[in-house]
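Note sheet for the following structure.
Each value in this text was obtained by applying a stated rule to the coordinates, not by laboratory testing. This structure is a prediction, so every number in the text was calculated from the model and none was measured. Reconstructed Cβ throughout: ideal geometry from the backbone, glycine too, with neighbour counts over all protein chains shown.
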There are 4 protein chains.
Amino acid sequence: MAGSAPPAAIAVPRQTGDASHRSGPRRDVLPAHPQRCTYLGPEGTFTEAALRTLPEAVTHELFPSGSVAAALDAVRNGDAGAALVPVENSVEGAVTATLDELATGRPLTIRREVLLPISFALLVRPGTTLDDVKSVTGHPVAQAQVRRWLARHLPHAEWESAASNAEGARLVRDGRFDCAFAGEFAARLYGLEALVTDINDAGDATTRFVLLERPGRVSPPTGRDKTSVVVWPDRDEPGALLELLREWAVRGVNLLRIESRPTGEGLGRYCFSIDAEGHIGDRPVREALMGLHRITRKIRFLGSYPRADRISSAGDPLRANHEFAKAAAWIARCVEGIGEVTD
Amino acid sequence: MAGSAPPAAIAVPRQTGDASHRSGPRRDVLPAHPQRCTYLGPEGTFTEAALRTLPEAVTHELFPSGSVAAALDAVRNGDAGAALVPVENSVEGAVTATLDELATGRPLTIRREVLLPISFALLVRPGTTLDDVKSVTGHPVAQAQVRRWLARHLPHAEWESAASNAEGARLVRDGRFDCAFAGEFAARLYGLEALVTDINDAGDATTRFVLLERPGRVSPPTGRDKTSVVVWPDRDEPGALLELLREWAVRGVNLLRIESRPTGEGLGRYCFSIDAEGHIGDRPVREALMGLHRITRKIRFLGSYPRADRISSAGDPLRANHEFAKAAAWIARCVEGIGEVTD
Amino acid sequence: MAGSAPPAAIAVPRQTGDASHRSGPRRDVLPAHPQRCTYLGPEGTFTEAALRTLPEAVTHELFPSGSVAAALDAVRNGDAGAALVPVENSVEGAVTATLDELATGRPLTIRREVLLPISFALLVRPGTTLDDVKSVTGHPVAQAQVRRWLARHLPHAEWESAASNAEGARLVRDGRFDCAFAGEFAARLYGLEALVTDINDAGDATTRFVLLERPGRVSPPTGRDKTSVVVWPDRDEPGALLELLREWAVRGVNLLRIESRPTGEGLGRYCFSIDAEGHIGDRPVREALMGLHRITRKIRFLGSYPRADRISSAGDPLRANHEFAKAAAWIARCVEGIGEVTD
Amino acid sequence: MAGSAPPAAIAVPRQTGDASHRSGPRRDVLPAHPQRCTYLGPEGTFTEAALRTLPEAVTHELFPSGSVAAALDAVRNGDAGAALVPVENSVEGAVTATLDELATGRPLTIRREVLLPISFALLVRPGTTLDDVKSVTGHPVAQAQVRRWLARHLPHAEWESAASNAEGARLVRDGRFDCAFAGEFAARLYGLEALVTDINDAGDATTRFVLLERPGRVSPPTGRDKTSVVVWPDRDEPGALLELLREWAVRGVNLLRIESRPTGEGLGRYCFSIDAEGHIGDRPVREALMGLHRITRKIRFLGSYPRADRISSAGDPLRANHEFAKAAAWIARCVEGIGEVTD
């Protein structure tokens, strides 16, 4: 029996008010700026709006980054203690730039997630009416979500894409376009007014953001957690995916999201980005992760963190932990030769 | 025993030189323009280059569409008999616009696929040297594939994205930028010259395109085919994915690609876009498709068509068909009471 | 697409009053004696009692065979048209002699099954009382089922086993023992009387018998059927069992019984005797059988026949057949290019 | 994270010359007679011959028991420290009496297994020749294994079964039969001589025996071990079997034997007796057992003990243990936030 550190003995700290382990300096990197937090900019994006819903928005100095890669690199090289970036949208799907950046480069850890309902406002220079509008701008993702609205209310307006919604607002301010789709909160920033609000063809579009930090001790389980990993199957063909899924299924762990991403090794070579219900400190999740570690070429743990949604878990982590603990106790009795005394 | 049409009796036409069934008029739509073929434009894109490798490029009148949606709609409404659009890139992953357009709206069928190696040329106005370059443009996807090259050779040039590589070339012609990344073939079109060619950080980037038509009779199996479907699992959680994969695995059908896409019903609700090895006329594939039809909420068949790659199949469709046929013959003997006479 | 006989086209005859196909002469064997039916004897066994519950008991001449092997050989060589033998007991488990005889030698087919509740009577010569009893006999299987009763009521009586319960009764008649455990019906046959009846430690012991004939056309489905097979996995290790089970599971076919039996090729080499819910004419069963045929070294079909129990099926064969037929119809529409017209 | 005894911390004793823990007295039962060892008698059986191959045969006082149940009860009530009984035969399959006795009653533990090649000698009173033989006896299991030999060499001799092979030899000695099939070693015991030896239709028949003791500390892993359990599925239908098998398969544990046995709760209700490769102290086996504990209604651990056969293991327990340990160490690094430092 190996002498390696037993998983059950891992001392995940109890949840307390003291979260110093999260933001404390690490010895293996240069002193960081934990008080600074970056986000996918520019100012006025939905990402900034999402960040403003977090306590970090009050306690940290916030600054925009020009791209997901730049935001993550700011954390990696110590310019920021944390970064908020979008990872998934209920209409557009995965934000692949984020998935790919997290799968490569120096590892980062997801500390939190934020869900933000997405609806657009039509921002105009003060005084503009719908009848005045000849040209429209916004990010291509916005366009996809307001296409039907546009066809009904502004069938003749010409669309040109901007690099971001906030950038679109800036271009309206500068007179390049008559109006822009953006978050209502961007109006004030650019001196515009919201002519129409709550625009979204999908009705209930939501974007999910993750707050990333450099790796550190995992926060304790809350009973409503998520765990994110990226796995590179041992074999190239997608048939290996069946085996990956079996590792979760056999332990009763529910998967919440799975994305295939190219590994860059050629068409048909994929890695898989996975969110599962539960925490690495929960025995079923831990055992499933160990199973993946055994059967995959490579696995990257991206963190265990509290779920932001209100959806009830499919499984009950406390009960599952209890079942796993009972089974472990039974094994101990078997080894001692008192297997059925209390079973 | 039900009297419905038995699958084995389906008369998929033998492969012959006569492919008239593919382009012939259909009675349930207005007369189309089968001689016209559209592609994701504008002129000078990689999609046009891919189309030029097909016989359709000679026999059809080609015209660009402004977006994937526009190209597909041109086929749906009869403006074109076929459309070529990109569906997957070995570096960037799925072209989600194509996947989502194929999963919704009036059904279309994949008739062919084309693989095109992607390398960029640096296009300049004649006479420009690398030292002259201050500004660079191109599609964001191109930027992702030339980033390292840029950092090495043009570290100080300023990048601004264009709506397509071809559009970037046009902007260089018009003097807006000093150079653009695009396919070498775009140079002539815009009166530019290729200062550097064969640029791609990834080395062997490939894009896969599909030729779409309105549904019609499936082409006969060639022995090296692919089948594409989109499935919406019955249950919402991704746990249902395990069951989907099992339907293929138990029949020995190899999967080539799987993508989860949001259904638009909220975060965590997915459909799956799947490419499998083999043809709907191959018994293993047919049986797996029937299995999916039984266990899913909805399934859309996107076509069976010849593989464009040179990779050997993991399975041997002829041998698999033979095994399936032998099993069917054995069943018939069992029912007749002569089960082991020749077994 | 292969030209082999399509499974859906198999003409399993509709259920009618005419069952002549079952007992009619076959051309490939010598004229049999279909009016004769044998059973595992001697007279007075539970097997005879079970046979007496069948219509065959009235229409056929019955005769005992000395062993399961002898009974089956009587059918194989034409001495009998049918044989009834025990196959499984709720207390003792499988009757391995029957399983092994069915797995080897010339194939036979199960036409019916019979369930018989098993309780023993204590048979004595007229006038004997419990106090007189010093010695007891019966078949070892009987002993296992009356052990507790014996310990309570005849703790001092000496047990000696007989070759069958009926043989035990004969020995009591001949004065060799004071009493025998046997079916109550055996009393009259041997001039004995039943001192105590309804003895069985287990309370609700049941034995399952099967009526075997030479292979012939399978009887039509009744909607409440069973299918029996023996399969020899391709690979030797029991890990192959998982794959066998998956063939049933993925088609939603419920298994009712599974037994491993040695193949005679050495310790650790097994074949598997399986009863499944449904009829070979039911599409899910047929497809699962074809799956087994593909992945196993050898498979022997033992018949599809009506269930004798009153337990409701886990699945609904009519509904399953309908789902399979719908899927087949959808495939036909896909091939024709009208895939979603009615889906 | 629960405070229960972590499985990895179980102190399975290292393998040493000191095996005192195996035979030492236990406090919770009356003083046993560990120096006494019983076996399935009577004297002269193959079971005795198998026992004579063990060191216990020298150090212990041996005595026969009249049945498997009696032998096991002798251990349970302290009359013997150990019992040897047959459990499986390569020709006849499982010895169901042993399986059923081990699944019920006070738990016992398998300490060793013994494999004995089975061939029969034809024992006669000195002077008898084959031509003199009119009557033959032996155990029914022997009869099954010499049937073809009898048909060839003694086609006219009359067979009558005896309660055991040794009992048959005794009856020959007493003049009741002319010859008996038994182990050659029984000749001397009953003053007979072996007229023919090495008789067995199957050629290489082998019987497997297990040495049972009262539960105590499990012996340490040897690297070539077996683990035996009985499991009662949570759900009644055999479909639950698929889930049981998956628990082993997903951890890469190879199964060596699986038997279904009736639970006595009615036809179609089974428990499963399973032998797996490896030791409860091996991480894959331990984790699989814990999985079974979680998903089954009841599980009984019957012991981990050295394999007696010379067959190479399908898996390599040392390598598997190493993979599991590496995975556990990786988890610990993930929790600490140093997940990829050495991976």
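Some notes on this structure:
- q = 0.12, 0.21 Å⁻¹, the stretch B:72-128: log10 I(q)/I(0) [Debye, one scatterer per Cα]: -0.43, -0.89
- Between C:N77 and B:E160, the simple label model (points 7 Å from Cα in the Cβ direction) yields a spacing of 10.0 nm.
- Theoretical ellipticity at 222 nm over the protein assembly as shown - DSSP helices of four or more residues, -39500 (n - 2.57) apiece, nearest 500: -8500 deg cm²/dmol
- Taking every residue in A:81-88 and counting other chain Cβ atoms within 10 Å of its Cβ, the average works out to 0.
- Each residue of the stretch A:65-77 was assigned a 3J(HN,Hα) from its phi angle through the Karplus expression (A = 6.51, B = -1.76, C = 1.60, θ = phi - 60°), giving 10, x, 7, 4, 4, 5, 4, 5, 5, 4, 6, 4, 9 Hz with x at Gly and Pro.
- Expressed as a fraction of 2.2 N^0.38 Å, the C-alpha radius of gyration for the protein assembly as shown is 1.11.
- Applying the Karplus relation 6.51 cos²θ - 1.76 cosθ + 1.60 with θ = phi - 60° to the stretch A:161-170 yields 3J(HN,Hα) values of 7, 10, 5, 7, 5, 5, 4, x, 4, 4 Hz, where x marks Gly and Pro.
- Interchain or long-range residues, amide H under 5 Å from A:R297's placed H: A:W232, A:D234
- Beta bridges per DSSP, both residues in the protein assembly as shown: antiparallel share near 75 percent.
- Evaluated with a Cβ-only charge set (Lys, Arg +1; Asp, Glu -1), the protein assembly as shown carries a dipole of roughly 20 debye about its Cα centre, given to the nearest 20.
- Across the stretch C:112-120, rounded Karplus estimates of 3J(HN,Hα) from the backbone phi angles (6.51 cos²θ - 1.76 cosθ + 1.60, θ = phi - 60°) give 8, 10, 10, 10, 10, x, 10, 9, 9 Hz, Gly and Pro being marked x.
- Scaling the Cα radius of gyration of chain D by the globular reference 2.2 N^0.38 Å produces a ratio of 1.16.
- At most 13 other Cβ within 10 Å, DSSP loop - trypsin sites (Lys or Arg not before Pro), the stretch B:114-214: B:K134
- In whole percents, the pair-distance distribution calculated for the stretch C:189-293 from its alpha-carbon pairs, binned every 10 Å from zero, is 12, 33, 27, 16, 9, 3.
- Note on the stretch C:221-343: Cα-Cα pairs beyond 18 Å make up 55% of the total pair count.
- In terms of overall dimensions, the C-alpha atoms belonging to the stretch A:28-99 reach 39, 25, 17 Å along their principal axes, ordered largest to smallest.
- Placed amide H near B:A94: partners under 5 Å, 5+ positions off or other chain: B:N89
- The Cα center of the stretch B:79-118 and the Cα center of the stretch A:82-154 differ in position by 24 Å.
- In summary, the convex hull built on the alpha carbon positions of the stretch C:38-161 has an orientation-averaged projected area of 8.9 nm².
- Residues whose amide H comes within less than 5 Å of that of B:G278, counting only those at least five positions distant or on another chain, are B:D225, B:K226, B:T227 (H built at 1.01 Å from N in the peptide plane).
- When DSSP beta bridges are restricted to pairs lying wholly in chain D, around 75% turn out antiparallel.
- Label-point spacing for B:R297 across the identical copies (point 7 Å from Cα in the Cβ direction), in nm and ascending order: 3.4, 3.6, 4.6.
- Square roots of five times the Cα gyration tensor eigenvalues for the stretch B:131-181, Å: 16, 14, 7
- When chain D is treated as a GNM with alpha-carbon contacts under 10 Å, the residue of D:A327, D:A94, D:A162 showing the greatest mean-square fluctuation is D:A327.
- In chain B, the longest principal axis of the Cα atoms and the axis of helix B:240-249 are about 70 degrees apart.
- Estimated FRET transfer efficiency (A:T129, A:R176; beta-carbon r; R0 25 Å; 0.05): 0.85
- By other beta-carbon atoms within 10 Å, ranking B:C334, B:C271 with the fewest at the front produces B:C271, B:C334.
- Computed magnitude of the charge dipole of the stretch B:171-295 (debye, nearest 20; Cβ of K, R +1, Cβ of D, E -1): 560
- If you wrap the tightest convex hull around every Cα atom of the stretch A:252-315 and split its volume per residue, you get 106 Å³.
- Remark: for residue pairs D:K226/D:K298; A:K298/B:K134; A:K226/C:K326; C:K226/D:K298, the C-alpha separation exceeds 32 Å in A:K298/B:K134; A:K226/C:K326.
- For chain B, the longest principal axis of the C-alpha atoms and the axis of helix B:283-295 are separated by about 90°.
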